[in-house]
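Below is one structure, written out as structure tokens, with a few remarks after it.
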Amino acid sequence: FQLLTIDPVAIDFAPQLGYRFNSRFAMGIGGTFRKTFTDSTTNFAPEVWGYKGFVSYDIIKSFFAYGEYARNSPGMS
């Protein structure tokens with residue numbers, strides 16, 4: 001969860017689910033949902049839906065590579 005603002009109240013919910021194939025490689029999917037609980041005008045869309053895919057690979061001891069593709073709706077202002 002992420003609380004974007006309290007006036008108006010706007011919350012982002014972005015769950016992810018991944019699978020670790022071995023000790024170095026993982027990939028998964030996720031989504032995004034934003035809800036604003038008021039009718040006042042804001043600088044961001046009151047409702048947004050989206051999805052994403054990600055991949056992570058451990059290169060060496062303390063370094064890893066991470067990539068993500070995400071697509072969000074433009075929202076309805």
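The values are calculated or read from the model by the stated rules, or taken from the named source; none is laboratory data. Every value quoted in this text rests on a predicted model; they were computed, and no experiment measured them. Cβ placement follows ideal geometry from the backbone for every residue including glycine, while neighbour counts extend to all protein chains displayed. What goes into the accessible areas is simple: the full protein's heavy atoms, side chains included, and nothing from ligands, DNA or RNA. Shrake-Rupley method; radii C 1.70, N 1.55, O 1.52, S 1.80 Å.
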| remark: Here segment 19-27 yields Karplus 3J(HN,Hα) values (6.51, -1.76, 1.60; θ = phi - 60°; whole Hz; Gly and Pro given as x) of 10, 8, 6, 8, 5, 10, 10, 9, 8
| note | extent check for the chain: Cα max minus min per principal axis, descending, whole Å, gives 49, 21, 17
| request: Grab the beta carbon distance between ASN22 and SER73, set R0 = 35 Å, and tell me the FRET efficiency rounded to 0.05. | output: 0.50
| query | How long is the gain from PHE1 to PHE64 if the chain were fully straight, where each residue apart is worth 0.36 nm and the alpha carbon distance is subtracted? | reply | 20.2 nm
| task | Rounded to whole Hz and in sequence order, give me ³J(HN,Hα) for segment 48-63 from the Karplus expression 6.51 cos²θ - 1.76 cosθ + 1.60, θ = phi - 60°, writing x for Gly and Pro. | result | 9, 10, x, 9, 7, x, 9, 9, 9, 9, 6, 7, 9, 1, 10, 10
| Length gain on complete extension for the stretch TYR51 to ILE29, per 0.36 nm per residue less the alpha carbon to alpha carbon distance? | 7.2 nm
| How do ARG20, ARG34 stack up against each other in accessible area, from largest to smallest, with a 1.4 angstrom probe? | ARG20, ARG34
